[in-house]
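The values are calculated or read from the model by the stated rules, or taken from the named source; none is laboratory data. Predicted model, so just to flag it, every value in this text is computed and none were measured. Positions of Cβ are generated from backbone atoms using ideal geometry, with glycine treated the same way; all protein chains shown enter the neighbour counts. Protein only, heavy atoms only, side chains kept; ligands, DNA and RNA dropped before computing areas. Shrake-Rupley method; radii C 1.70, N 1.55, O 1.52, S 1.80 Å.
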Amino acid sequence: MSLLVVGLSHRSAPVSVLERAALHVDAQVKLLQDTVAAEPATEAAMLATCNRIELYADVDKFHAGVAELSTLLAQHSGVGLDELTPYLYVHYEDRAVHHLFSVACGLDSMVVGEGQILGQIKDSLARAQELHTAGRLLNDLFQQALRVGKRAHSETGIDRAGQSLVTFGLEQLASGTAVQDWALGKKALVIGAGSMSSLAAATLARAGVAEIVVANRTAERAERLAEILNDSGDADVVARAVPMDSVPDELTRADVVVSCTGATGLVLTAEAVAAGRGLDTQPGADGVPSRFGSGAAQAARLPADHGTEENCPLDLAPVPSTAGFSVLGEAAVAGMAASELEQHAAWVDNAPRPQGAVALVDPLAEADAIAALAATAAVIGRVPERRKPEPVAEIPRPAPSLFLLDLAMPRDIDAAVHRLVGVRLVDIESLAEASADAPMAADVDQVRRIVADEVAAFGAALRAAHITPTVVALRTMAADVVAGEIARLDGRLPGLDDKQRGEITQTVRRVVDKLLHAPTVRVKQLAAEPGGAGYADALRTLFDLDPETVAAVSRAEDSTTDEEGRGSA
């Protein structure tokens with residue numbers, strides 16, 4: 001059997017795909033059960049976080065395993081296999097071990113070095129053990145990953161390379177201000193009472209917020225978290241629990257909202273946030289009125305004596321007090337086809353000019369610019385989308401009065417709230433963008449060396465363990481041979497007393513043990529090296545060992561390891 005992992009993460013897939021592929025707890029349970037029920041897999045475990053979905057399995061066939069695990073991920077996530085496949089990655093054998101160890105150390109996290117992943121790996125193992133989908137291989141793998149992650153954090157300064165996703169998100173909300181200064185005295189609303197929400201609440205408490213309100217669908221969990229915060233001596237904060245239906249009321253008081261639930265739909269819509277804060281739900285992008293708006297809002301911003309223009313190919317609002325001209329700059333025509341631009345240039349040249357109109361823009365100069373744009377578009381097919389627009393008077397955006405941090409996958413908070421005036425939203429997608437260029441600490445190299453050493457040691461131990469049942473079966477066979485020969489000797493020499501019989505028995509056993517010692521020790525050493533898997537087969541063939549005896553030893557060891565694993569997880 002061989003270790004295989006199939007998954008997708010923030011490194012391989014856009015947040016929009018991760019969001020759609022996210023699995024709630026019940027779906028994860030069903031996926032694990034279906035995986036071990038499938039033919040190629042005998043064990044399965046799943047690591048599902050806000051920025052990764054990975055399925056680990058012990059399979060007997062690589063290609064069949066990849067196909068089966070990919071299909072199961074698509075079926076249970078609801079994302080079509082054709083759409084999901086381009087974002088999937090596959091790791092096998094030592095590469096799969098290396099991947100999980102790197103994840104456990106925080107090297108593959110969105111925020112490099114964060115330690116919260118260790119708790120998520122522990123939870124994944126506990127779930128697989130509870131469902132009896134984790135056998136000896138995955139028990140050993142996940143427990144060793146936890147040890148490697150703890151070693152990396154204790155022996156290196158990897159913690160300095162990053163922080164938890166919560167801390168990073170709060171730093172993004174603070175926009176360059178120290179989190180302690182930014183958070184001091186604020187009122188916070190935490191939606192959800194799971195591990196991420198609990199970490200967010202504790203972080204906010206240490207940062208100096210004055211009040212934390214916890215809302216959760218299960219009232220007992222919200223009350224428990226509020227109780228822990230109130231009893232904590234680390235911070236002077238008042239915490240209380242409220243039901244989920246109180247969230248709209250709490251929005252009117254909150255300065256900071258952190259949401260991380262397992263909901264499959266939106267917890268906070270843009271309309272709910274706007275209603276809670278008394279905001280307009282229809283501002284332009286970034287809360288600034290659109291320069292090229294349309295309809296009643298645009299007409300309201302034009303001079304009273306300004307009329308509409310007919311037959312403009314681009315259907316844009318005209319320049320105030322200038323008839324026959326509707327283009328304010330290159331930004332207005334970016335992406336337009338060459339033919340449309342040429343039509344507009346002709347329309348500008350031929351448009352009537354009202355008497356006494358004050359021309360704010362030189363039509364001939366702009367017509368030349370449009371003609372030049374049309375020529376460019378004729379070469380590349382369309383006008384490039386990125387171009388420098390005409391300078392416009394900036395309308396300053398008010399400083400945020402409500403800060404939203406969405407750590408859920410799929411998202412809890414409607415992305416449209418970022419358009420609301422006075423609201424700042426940070427979510428998984430914006431965190432991914434912000435962390436893409438984050439500097440990495442020098443300790444990362446040391447962690448990578450630790451991972452490489454641990455992968456080599458785990459592989460050697462795994463290969464050595466693979467031959468252990470064969471060695472045990474060989475020694476069992478030898479012991480049976482000794483017992484049979486001693487019984488035959490008793491029949492030939494019935495006059496032997498107990499002392500004589502004991503001495504003969506010990507002598508024969510010592511001879512057998514000495515003959516087997518060197519070969520079995522050496523075969524374990526050879527089997528631990530890369531490519532040593534064939535030694536077990538050679539040993540079985542040379543000594544004509546019964547395959548069922550070897551399998552029985554393996555099953556007994558797996559059962560013992562499974563019980564030990566459940567006790568230590």
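The number of residues in the range 407-427 that are open to solvent by less than 10 Å² (accessible area, probe 1.4 Å), outside any strand (DSSP E or B) and within 23 Å of Ala27 (Cβ to Cβ) comes to 3. Filtering the range 3-42 to residues that are open to solvent by less than 20 Å² (accessible area, probe 1.4 Å) and more than 20 Å from Leu81 (Cα to Cα) leaves only Leu3.
Among the residues of the range 122-147, those identified as open to solvent by 20 Å² or more (accessible area, probe 1.4 Å) and under 18 Å from Lys30 (Cβ atoms) are Asp123, Ala126, Arg127, Glu130, Leu131, His132. Looking across the range 86-120 at every residue that is surrounded by 21 or more Cβ atoms within 10 Å (Cβ to Cβ), of a type in the set (Val, Ile, Thr) and touching a strand residue (DSSP E or B) at 6+ places or on another chain (Cβ under 9 Å), the one that is nearest to His63 (Cα to Cα) is identified as Val97. Within the range 201-218, residues that are farther than 14 Å from Leu405 by Cβ and open to solvent by 10 Å² or more (accessible area, probe 1.4 Å) sit with their Cβ atoms under 9 Å from residues that are in a loop (DSSP other than H, G, I, E, B) and among the basic types (Lys, Arg), at 6+ positions apart or across chains, in these pairs: Gly208/Lys186; Ala210/Lys186; Glu211/Lys186; Glu211/Arg253. Could you list, in sequence order, the residues of the range 50-83 that are among the β-branched types (Val, Ile, Thr) and open to solvent by less than 20 Å² (accessible area, probe 1.4 Å)? Result: Ile53, Val59, Val79. All but one of (1) loosely packed, with under 14 Cβ neighbours inside 10 Å; (2) at pLDDT 85 or above hold for Glu529; state the number of the condition that does not hold. Every listed condition holds for Glu529 apart from (2). For the range 134-173, a residue qualifies if it is among the hydroxyl-bearing types (Ser, Thr, Tyr) and over 27 Å from Gly192 (Cβ atoms), and the qualifying residues are Ser154, Thr156. Of all the listed residues (Ser246, Ser232), the sole one being modelled with pLDDT under 90 and farther than 22 Å from Glu171 by Cα is Ser232. Of the candidates Val29, Val17, Val36, the single residue that is more than 21 Å from Phe142 (Cβ to Cβ), part of a helix (DSSP H, G or I), of a type outside the set (Asp, Glu) and in contact (Cβ under 8 Å) with a residue 40 or more places away in the chain is Val17. All told, Ser12 meets the bar of being in a loop (DSSP other than H, G, I, E, B), among the small types (Gly, Ala, Ser), modelled with pLDDT of 90 or more and within 20 Å of the chain's Cα centre (by Cα).
Any residue at all in the range 245-261 that is assigned to a helix (DSSP H, G or I) and among the hydroxyl-bearing types (Ser, Thr, Tyr)? Checked the range 245-261: at least one residue is assigned to a helix (DSSP H, G or I) and among the hydroxyl-bearing types (Ser, Thr, Tyr).
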